[in-house]
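In what follows, a structure is listed as C-alpha cells, so that the remarks can point back to it.
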Amino acid sequence: MDRIDLADLVVDFRREQVVARDGRRLGLRPRSFAVLRHLATRVGELVTKDDLLAACWPNVVVTEDSLTQCISEIRRLLGEQGRDLIRTVPRRGYVLALPEAAASVSTAGPIDPAGPPRMRGLFWQPIAVLPFDEFGTLHPDFAGLGAGFAEDLTTELARNRHIGVVARQNAFAVRALAETSAEIALMLGVRYVVEGSIRQAGTNLIVNVQLIDGRDSRHVWAERCVAPTASFFAMQDDLLARLVTGLFDGLCQAEQIARLACEASPSNAYELTMQAIAHLNQFGRRDLLLAHAALERALELDPAFATAYGLKGLAAATDAGLAISGSYGPDALPQAEATIRRGLELNPASPVGYRALSYALALRGAYEEGLAAAEHGLALAPHDAGSLAFLSMAQTAAARYGPALANAERARAQSSVPPATYAAASAAALYALSRYEEARQRATLATERSPGYTIAHAIGAAADMACGRSNEAEARIRTILRLSPGFGLRAPRVRTIYGSDRDLSGRFIEALEGCGLPDHADSAAVLLLDGL
C-alpha cells in the first residue's frame, strides 16, 4: 500500500509523511509511523503484538508500553475515527480497519488514478491552480497580478461541471509548504497542478502556464501568451478562455494517450472509461468492440459512474448509427438513449451525458431536442472543444449551417491534435453550405485521423461527386465497404445528418447512391428509419 486516503488527511508511505487536507503537515514519530506502516501491510487482519514488536523494534528489547504509546499517538493523529480505524483485540494485538476507498495501492506514483473519494463522480482528474510567480519588476498597477490571475483561472475552470478544482485558499496555502509539484498534488489530493508565471518584457506582459502531472512532475501541457501591458486587463477574459480551453485539450490528450500506452490493464472505472474514449475516437471495428468491453467493465466496477453510462450509450449509438462493428443495429438506439439518460439521472450536470444525448436524439429524428441538449452540454463545459463539436453536429442536423461551421472550426482551432469528429463536423457543415471543395478536404482530414470513420468517408464521397470527382468518390465508397460492410444508405447517421432539411438530405443520399453506396437495410432498420 502506498497511501491511506481519509476525509481529513492523507498518509503517504512513500514519503513517510502525513498531510492534512488543508495542507498542514502532521507530526508522527518514526517509530509510530513504522507501526502504522506494518499494520497497513495487513489491512483487516489481526497483527499480533509480538509481530509488531519484532518488525518495528528489531534487535531491541522493549516492553509492550512502547507499542501502546505508538498506537495511542496514531489514534490521536487520526482524530475521532482513530479508535474505529485501529481496533484492539484484547491480549492479542491490533487490526487496521480501513474503508475500501481509503486504501490506495499503486506502482505508478502516489496519486490514485481514480482520484480521492471526495472527488468521485467527476469526469476529469482533479486540478489545483497555484499562484503565478511574478518575475522581474512589474508596474505598480500589476502588483499581485500573479495571485489574481491564478484566482481568475481557478474560477473559469470551476465553471466546467466535469472537473474538480481545489479551492483557491487551499491551493495557495499549500504552495508555501511544499517544494515540488508532486508534494503539492499529494497534499491537496489532486492529480494535476497548474503552475505559471507573469513577467514584463518591454511594453508587453508574458504569461507562461504549465499543466503538471502530480505523480512524476512531468509537463503535460504548456502555453505562452503575450499581451500589451496597456491593454492587458481588456484582453484578460479572452486570454483566460484561451488558457482554459488549452488546459482541457492538454488534459484530454494526456489521459487518452496514457490509457492507450499503459501496458498494465486498467484497474478502475475511470481508467477504463478513458481507454474507451480513446478507442471510440478511432471509429474502427476493433476499437468499437474494445470501447464496448471497457465500458461494460467500468460499470461492473462502479455501477454509479455517470460518465460511463453516458459513454456506453454514446458508443452504442455511434456503432448503430455508423454500422461499424456489426454488433449494434438501428434497433439498439432506444436502449442507447435509455443508458445515456440513466447516466444523467446519476449526474444531471454531466456535460458528457448531454453531448451523448444530443447525438442519440438526432439519430431518432428529434433534431431540436438534440440541439437543446448540445447547447446545455456546452453551458456545463463552456471551454471544452468537444462540447463545441457536438453542438456543431446538432446544429447541422437542425439546419443551422453557419453556426455549425463556426463552432466546428472553433473546436479545431482550440485543439492541438483535433480528433476526427471535429474535422467531420466541419465537413458536414461545409457540404451543406455548398462549399464542396473545402468539405472534401475536411472529410479527408477526418479519415486520415480515424480511417474507420464511415460518415466522414461518406461526406467526402458526396463532396467529390459535387466537384465532378466520381472516381475519387467511388474509391471512398469502396473503402467504406471494406471497413464496414454493413454501412449503407439506410444507416441512421446517413439519414439524419441533414435530417431536418429534407431537400439537402435527399441530395446527399442521392449523391451517395450515385457513387455506389448500397442500401444495406434489413427489415428492422427500414421500420425504424421510416418512422423518423
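The values are calculated or read from the model by the stated rules, or taken from the named source; none is laboratory data. Treat the numbers as computed from the prediction; the structure is a model and nothing was measured. Virtual Cβ from ideal backbone geometry, glycine too; neighbours counted across all protein chains shown.
Go through (1) at pLDDT 60 or above; (2) touching a strand residue (DSSP E or B) at 6+ places or on another chain (Cβ under 7 Å); (3) of a type in the set (A, V, I, L, M) one by one and return the number of the condition residue 102 breaks.
Against the list (1) at pLDDT 60 or above; (2) touching a strand residue (DSSP E or B) at 6+ places or on another chain (Cβ under 7 Å); (3) of a type in the set (A, V, I, L, M), residue 102 comes up short only on (1).
Among the residues of the stretch 306-326, is any of a type in the set (Ser, Thr, Tyr) and more than 22 Å from residue 391 (Cβ to Cβ)?
Yes.
Keeping to the stretch 173-213, report how many residues are over 18 Å from residue 132 (Cβ atoms) and surrounded by 23 or more Cβ atoms within 10 Å (Cβ to Cβ).
Final tally of qualifying residues: 4.
Select from the stretch 490-527 the residues that are surrounded by fewer than 16 Cβ atoms within 10 Å (Cβ to Cβ) and part of a loop (DSSP other than H, G, I, E, B) and write down the one among them that is modelled with the highest pLDDT.
518
For residue 267, only one of the following conditions fails: (1) in a helix (DSSP H, G or I); (2) modelled with pLDDT under 85. What is its number?
Failed condition: (1).
Identify all residues within the stretch 402-453 that are among the polar types (S, T, N, Q), within 28 Å of residue 379 (Cα to Cα) and in contact with a Leu (Cβ under 9 Å, 6 or more places away or on another chain); write none if there are none.
Across the stretch 402-453, the qualifying residues are 407, 414, 426.
If I filter the stretch 427-438 for residues that are buried (at least 24 other Cβ atoms within 10 Å of the Cβ) and acidic (Asp, Glu), do I get at least one hit?
Checking the stretch 427-438: not a single residue is buried (at least 24 other Cβ atoms within 10 Å of the Cβ) and acidic (Asp, Glu).
Can residue 177 be described as modelled with pLDDT of 75 or more and either in contact with a His (Cβ under 7 Å, 6 or more places away or on another chain) or of a type in the set (A, V, I, L, M) (or both)?
no
Conditions tested, residue by residue: (1) basic (Lys, Arg); (2) in the same structural domain as residue 500 (by TED's automatic domain parsing); (3) at pLDDT below 95; (4) over 15 Å from residue 511 (Cβ atoms).
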site	(1), (2), (3), (4)
401	no, yes, no, yes
413	no, yes, yes, yes
429	no, yes, no, yes
438	no, yes, no, yes
442	yes, yes, no, yes
445	no, yes, no, yes
452	no, yes, yes, yes
455	no, yes, no, no
471	no, yes, no, no
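Considering only residues that are β-branched (Val, Ile, Thr) and touching a residue at least 60 places away in the same chain (Cβ under 8 Å), look in the stretch 302-356 and name the one that is nearest to residue 494 (Cα to Cα).
324
Could you please find all residues in the stretch 292-301 being buried (at least 24 other Cβ atoms within 10 Å of the Cβ), under 25 Å from residue 484 (Cα atoms) and in contact (Cβ under 8 Å) with a residue 24 or more places away in the chain? Break it down into steps so the answer makes sense when it comes.
Initially, the stretch 292-301 is screened for residues buried (at least 24 other Cβ atoms within 10 Å of the Cβ), giving 294-295, 298.
Next, from what is left, pick out any that are under 25 Å from residue 484 (Cα atoms): 294-295.
Within the stretch 292-301, just 294 meets the criteria.
Are any residues in the stretch 365-393 at pLDDT 95 or above and touching an Asp or Glu at 6+ places or on another chain (Cβ under 8 Å), and if so, which ones?
391
Of the numbered conditions (1) in contact with a Cys (Cβ under 7 Å, 6 or more places away or on another chain); (2) outside any helix (DSSP H, G or I), residue 465 fails exactly one; give the number of that condition.
(2)
Which one is farthest from the chain's Cα centre (by Cα) among residues in the stretch 415-436 that are over 16 Å from residue 449 (Cβ atoms) and part of a helix (DSSP H, G or I)? Before you say what the answer is, go through the steps one by one.
Step one: list which residues in the stretch 415-436 are over 16 Å from residue 449 (Cβ atoms), which gives 429-436.
Narrowing the set further to residues that are part of a helix (DSSP H, G or I) leaves 429-432, 436.
Details: 429: 26, 430: 29, 431: 31, 432: 31, 436: 34 Å.
Residue satisfying both the conditions and the ranking: 436.
Might you check whether a residue that is within 20 Å of the chain's Cα centre (by Cα) and more than 28 Å from residue 299 (Cβ to Cβ) occurs anywhere in the stretch 356-377?
no
Could you count how many residues in the stretch 219-241 are touching a residue at least 24 places away in the same chain (Cβ under 8 Å), surrounded by 13 or more Cβ atoms within 10 Å (Cβ to Cβ) and either assigned to a helix (DSSP H, G or I) or touching a His at 6+ places or on another chain (Cβ under 6 Å) (or both)?
Of the residues in that region, 6 qualify.
What helices (runs of 4 or more DSSP H) lie completely within the stretch 35-88 and have 1 or more residues being under 38 Å from the mean Cα position of the chain (by Cα)? Let's see the steps before the verdict.
Working: elements: 49-56, 64-78, 82-85.
So the answer is 64-78, 82-85.
Given the criteria in contact (Cβ under 8 Å) with a residue 40 or more places away in the chain and among the aromatic types (Phe, Trp, Tyr), does residue 431 qualify?
yes
Of all residues in the stretch 465-487, count the ones that are closer than 21 Å to residue 393 by Cβ and crowded, with 22+ Cβ neighbours inside 10 Å.
Counting residues in the stretch 465-487 that are closer than 21 Å to residue 393 by Cβ and crowded, with 22+ Cβ neighbours inside 10 Å gives 4.
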